[in-house]
1. Please work out which one of (1) exposed (fewer than 11 other Cβ atoms within 10 Å of the Cβ); (2) at pLDDT below 90 is the condition residue 169 fails and give its number.
2. Only one of these is surrounded by 13 or more Cβ atoms within 10 Å (Cβ to Cβ), under 30 Å from residue 153 (Cβ atoms) and touching a helix residue (DSSP H, G or I) at 6+ places or on another chain (Cβ under 8 Å): 23, 55. Name it.
3. Report, by residue number, each residue of the range 97-119 that is free of Cβ contacts under 8 Å to residues at least 60 places away in the same chain, basic (Lys, Arg) and closer than 14 Å to residue 17 by Cβ.
4. Quick one: how many residues across the range 69-97 are over 19 Å from residue 43 (Cα atoms), over 10 Å from the mean Cα position of the chain (by Cα) and in a helix (DSSP H, G or I)?
5. What is the one condition in (1) more than 18 Å from the chain's Cα centre (by Cα); (2) closer than 21 Å to residue 24 by Cβ; (3) β-branched (Val, Ile, Thr) that residue 145 does not satisfy?
6. Quickly run through the range 84-112 and pick out the residues that are modelled with pLDDT of 95 or more and surrounded by fewer than 17 Cβ atoms within 10 Å (Cβ to Cβ).
7. Could you tell me which of the residues 158, 115, 135, 130 is in contact with an Asp or Glu (Cβ under 6 Å, 6 or more places away or on another chain) and surrounded by 12 or more Cβ atoms within 10 Å (Cβ to Cβ)?
8. Report whether or not residue 154 is more than 20 Å from the chain's Cα centre (by Cα) and on the phi > 0 side of the Ramachandran plot.
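The values are calculated or read from the model by the stated rules, or taken from the named source; none is laboratory data. None of the values given here were measured: they were computed from a predicted structure. Cβ sites come from the backbone with ideal geometry, for glycine too, and all protein chains shown count toward neighbours.
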Amino acid sequence: MDAPSRLIAKRYALAYIQANEDIEKAMDCFFKIYDAIIAYLPYFKHPCIPSGVKINILSKMLEDNLKGGKAEFFIKILIESKRINLLPLIRSEIEKLYNEKKGIERVKIYSRFELSDKELGYIGQAISHLTKGKLVFDKKTKQNIIGGFQAQVGDFFLDASISGRLEDLKKRLLN
């Protein structure tokens, strides 16, 4: 999405976080509603369906424990203001704000095969100097990695893969 949409999503996310005293409960409710409606987002975004109908559908979709809370009210505001298309971005921004508050740093790890907890521990020790927060790993496999791994922490990208080293060697030999 474009920069203005991301900025608007960040503002909505910040407003939602600030409106709730119990951040964990607020996130839990928001994510449950998000999971319940994300498959139907094209219908909620559709301009020909009136907002009242969308809100009625939302109320019927939700479990009783999610009804009447701030998360449902927040989603209704997004529907009425025709900003429901920003829902995935808002979810991402809410998660980022939560992680910042809790001192959690997400690390994307790419490898050829699934890494064990022991291997992740070694990687965590090696890259812990890049951040002050607690590291949480998002593990993904990439078939183009021959061996080793690639890690992304915020804006920093570490390529500790054999394919990355071969690419570096190729560049040095060609120059």
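1. Answer for residue 169: the failing condition is (2).
2. Testing whether each residue is surrounded by 13 or more Cβ atoms within 10 Å (Cβ to Cβ), under 30 Å from residue 153 (Cβ atoms) and touching a helix residue (DSSP H, G or I) at 6+ places or on another chain (Cβ under 8 Å) leaves just 23.
3. 102
4. Looking only at that region, the number is 3.
5. Tallying (1) more than 18 Å from the chain's Cα centre (by Cα); (2) closer than 21 Å to residue 24 by Cβ; (3) β-branched (Val, Ile, Thr), residue 145 fails exactly one: (2).
6. 85, 88
7. Sole residue among the options that is in contact with an Asp or Glu (Cβ under 6 Å, 6 or more places away or on another chain) and surrounded by 12 or more Cβ atoms within 10 Å (Cβ to Cβ): 135.
8. The answer is no for residue 154.
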